[in-house]
Amino acid sequence: MLCCFDNEKFSGRLRLMDCSANSSDKKTLKRWFFIDKRVGCCMDLTSNHASPVLTEPAPMNKSRLGIHSAILPYSQPAGSFSPSKYITIPRKKSGKFDDVWSNGWLDAMKSSSPPRKKLIKDFDVEFASDDDTDVAYSSWMLKYPSALDSLEQITSYAKNKKIAVFLDYDGTLSPIVNDPDCAVMSNAMRSAVRNVAKYFPTAVISGRRREKVFDLVGLTELYYAGSHGMDILGPVSQTVLNSHPNCIKSTDQQGKEVNLFQPAREFLPMIDEVFGTLVEKTKDIKGAKVEHHKFCAAVHYRNVDEKNWPTIAQCVHDVLKDHPRLQLTHGRKVLEIRPVIDWNKGKAVEFLLESLGLNTREDVLPIFIGDDSTDEDAFKMLRERNQGYGILVSSVPKETYAFYSLRDPSEVMEFLRGLVRSRKKKVWGHEAGRNNC
Ligand SMILES: O=P(O)(O)OC[C@H]1O[C@H](O[C@H]2O[C@H](CO)[C@@H](O)[C@H](O)[C@H]2O)[C@H](O)[C@@H](O)[C@@H]1O
């Protein structure tokens with residue numbers, strides 16, 4: 001007998017349980033089936049074989065099942081996902097704020113960057129073994145296929161197009177580690193990124209301070225944006241200088257002429273002040289760390305005992321209460337305070353495309369690779385433009401606006417190497433390293 005559960009939490013799928021299995025013991029309950037409401041395909045999670053049953057097909061179905069995604073329009077955002085990562089502070093009619101217990105901050109803090117088991121549980125899949133989590137990941141990959149497995153599709157579609165590569169830093173180019181100051185990039189990754197930049201315009205767009213991310217990456221051939229895109233050093237473009245009032249001519253660390261765009265410049269003194277306050281307020285919380293990213297401030301709680309998380313949340317909450325022009329975003333075990341302006345990583349990608357003279361061209365294929373919630377702005381922008389690919393780096397199932405997935409930074413490196421290999425082979429048929437862009 002099959003029982004049907006509407007399981008919105010699991011990627012908009014209907015969940016079917018085979019009640020002929022022993023359901024009293026969750027560990028032995030192995031026969032779950034998922035029906036993707038849009039894909040119209042039923043999958044036995046124990047066998048991971050998809051077989052067509054029920055429900056009518058929808059426009060996104062084919063792209064999710066391996067037919068070349070770029071041929072198909074992004075007709076709708078992925079699943080029922082609506083990433084509300086910008087946290088509006090709930091205000092009571094009295095003008096007072098709700099506290100961190102009731103406004104969901106602590107839940108968001110707990111679920112940010114969770115371990116594998118916990119995340120699977122959040123998707124309401126009560127699995128116990130590593131095999132089961134692998135099965136859940138494989139099922140998730142039907143919706144977000146591996147960019148490595150899809151490399152041939154991606155590169156053949158990109159053959160006559162200009163690829164532009166946009167990369168997040170933490171969790172994408174470097175693995176997540178406990179101390180943000182120790183998040184170094186391997187030489188192998190550096191060399192992969194350097195090679196990518198030989199063939200495609202390449203930028204790193206990070207939440208960190210721009211100068212810091214440049215120090216960590218150490219490649220002069222890239223463009224850099226810090227503070228989640230609020231601090232961009234891009235190529236000189238008169239069009240961009242004319243159309244963006246906050247954009248000025250400047251020089252980079254090598255003395256080269258560049259365009260400098262800092263749309264939140266007026267917030268500098270406020271962020272300075274808030275940084276000082278946060279340092280002071282958290283100084284007695286063991287493990288807490290505050291970073292000044294110039295146009296935003298980050299409060300890390302990865303190394304703080306969970307019993308002290310409410311105190312961290314309260315400190316940040318109190319600061320925001322006093323600064324209505326600032327807002328909160330949740331990152332991986334980090335609370336970030338940033339200006340309330342209409343600017344994000346997605347806008348930064350568009351800005352850089354414009355600076356490169358690629359924004360209005362239809363033969364451009366932007367690829368954005370990132371792991372964090374702030375990268376969703378870029379994934380979403382690409383979906384809305386119906387152009388290019390967002391690639392989410394995650395080793396656990398996550399809702400996302402991205403189109404493809406990669407498990408971890410080592411797969412990112414393989415993917416970047418694959419892009420270069422295919423460009424060398426398909427365009428020139430030899431190993432010459434010329435910039436084709
Ligand atoms: O946009 P990104 O380049 O991904 O930057 C996002 C945040 O990355 C850093 O924090 C994260 O990585 C740390 C090192 O692995 C880890 O310790 C921390 O828990 C993560 O949240 C950076 O320190 C933050 O300021 C960035 O906002």
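The values are calculated or read from the model by the stated rules, or taken from the named source; none is laboratory data. Keep in mind the model is a prediction, meaning the values are calculated, not measured. Glycine also receives a Cβ, built like all others from the backbone with ideal geometry; neighbour counts cover every protein chain displayed. Calculation scope for accessible area: heavy atoms of the full protein, side chains included, ligands and nucleic acids excluded. Shrake-Rupley method; radii C 1.70, N 1.55, O 1.52, S 1.80 Å.
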Near pairs, Cβ below 7 angstrom, 6+ apart or cross-chain, from the range 287-299 (surrounded by fewer than 20 Cβ atoms within 10 Å (Cβ to Cβ)) to any residue that is among the aromatic types (F, W, Y) | H292/F275
Report yes if some residue within the range 152-165 is more than 15 Å from the ligand (Cβ to nearest atom), aliphatic (A, V, I, L, M), crowded, with 23+ Cβ neighbours inside 10 Å and in a helix (DSSP H, G or I); otherwise report no.
-> yes
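Residue-wise test of (1) out of contact with any Lys or Arg (no Cβ under 7 Å at 6 or more places or on another chain); (2) not small (G, A, S).
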| position | (1), (2) |
| --- | --- |
| L353 | yes, yes |
| L358 | no, yes |
| I367 | yes, yes |
| F379 | yes, yes |
| R383 | yes, yes |
| S405 | yes, no |
| V412 | yes, yes |
| S422 | yes, no |
| K425 | yes, yes |
Failed condition for D375, given (1) more than 11 Å from the ligand (Cβ to nearest atom); (2) touching a Phe, Trp or Tyr at 6+ places or on another chain (Cβ under 8 Å) | (1)
Looking at D170, is it open to solvent by 10 Å² or more (accessible area, probe 1.4 Å) and near the ligand (Cβ under 8 Å from one of its atoms)?
-> yes
Among the candidates A183, A197, A158, A164, residue that is more than 17 Å from R407 (Cα to Cα) and modelled with pLDDT under 95 = A158
In the range 178-199, is there at least one residue being open to solvent by 50 Å² or more (accessible area, probe 1.4 Å) and in contact with a Leu (Cβ under 7 Å, 6 or more places away or on another chain)?
-> yes
If you take the residues of the range 305-336 that are within 11 Å of the ligand (Cβ to nearest atom) and not in a strand (DSSP E or B), which of them is nearest to the chain's Cα centre (by Cα)?
-> R332
Test set (1) surrounded by fewer than 24 Cβ atoms within 10 Å (Cβ to Cβ); (2) assigned to a loop (DSSP other than H, G, I, E, B) - R208 fails condition number | (1)
Within 18 Å of the chain's Cα centre (by Cα), open to solvent by less than 30 Å² (accessible area, probe 1.4 Å) and away from the ligand (no atom under 14 Å from the Cβ): does that describe P339?
-> no
Pairs where the first residue, in the range 359-372, is under 25 Å from L406 (Cα atoms) and the second is basic (K, R) and within 12 Å of the ligand (Cβ to nearest atom), C-beta under 8 Å, 6+ apart | F368/K345; G370/K345; D371/R332; D372/R332
Run T360 past the list (1) buried (at least 21 other Cβ atoms within 10 Å of the Cβ); (2) not in a helix (DSSP H, G or I) and report the number of the one that doesn't hold.
-> (1)
Residue, surrounded by the most Cβ atoms within 10 Å (Cβ to Cβ), within the range 211-223, restricted to residues that are of a type outside the set (D, E) and away from the ligand (no atom under 11 Å from the Cβ) | Y223
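Yes or no, residue by residue, for (1) in contact with a Ser or Thr (Cβ under 9 Å, 6 or more places away or on another chain); (2) over 30 Å from K289 (Cα atoms); (3) not assigned by the TED database to the domain that holds V316:
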position: S186; (1), (2), (3): yes, no, yes
position: V193; (1), (2), (3): yes, no, yes
position: P201; (1), (2), (3): no, yes, yes
position: F214; (1), (2), (3): yes, no, yes
position: L222; (1), (2), (3): yes, no, yes
position: V236; (1), (2), (3): yes, yes, yes
position: N242; (1), (2), (3): no, yes, yes
position: K249; (1), (2), (3): no, yes, yes
The lone exception for N344 - which of (1) open to solvent by 10 Å² or more (accessible area, probe 1.4 Å); (2) more than 13 Å from the ligand (Cβ to nearest atom) it fails | (2)
Only one of D284, D215, D181 is assigned to a helix (DSSP H, G or I) and more than 30 Å from R423 (Cβ to Cβ), namely D181
Every residue from the range 386-395 that is without any contact (Cβ under 8 Å) to a residue 60 or more places away in the chain and more than 22 Å from V420 (Cβ to Cβ) = S394
Please work out which residue is farthest from the chain's Cα centre (by Cα), limiting yourself to the range 243-275 and to residues that are open to solvent by 60 Å² or more (accessible area, probe 1.4 Å) and of a type in the set (S, T, Y).
-> T251
Take the range 347-377 and flag every residue that is of a type in the set (G, A, S) and within 30 Å of T277 (Cα to Cα).
-> A348, S373
Is it the case that some residue within the range 290-301 is assigned by the TED database to the domain that holds L419 and within 11 Å of the ligand (Cβ to nearest atom)?
-> no
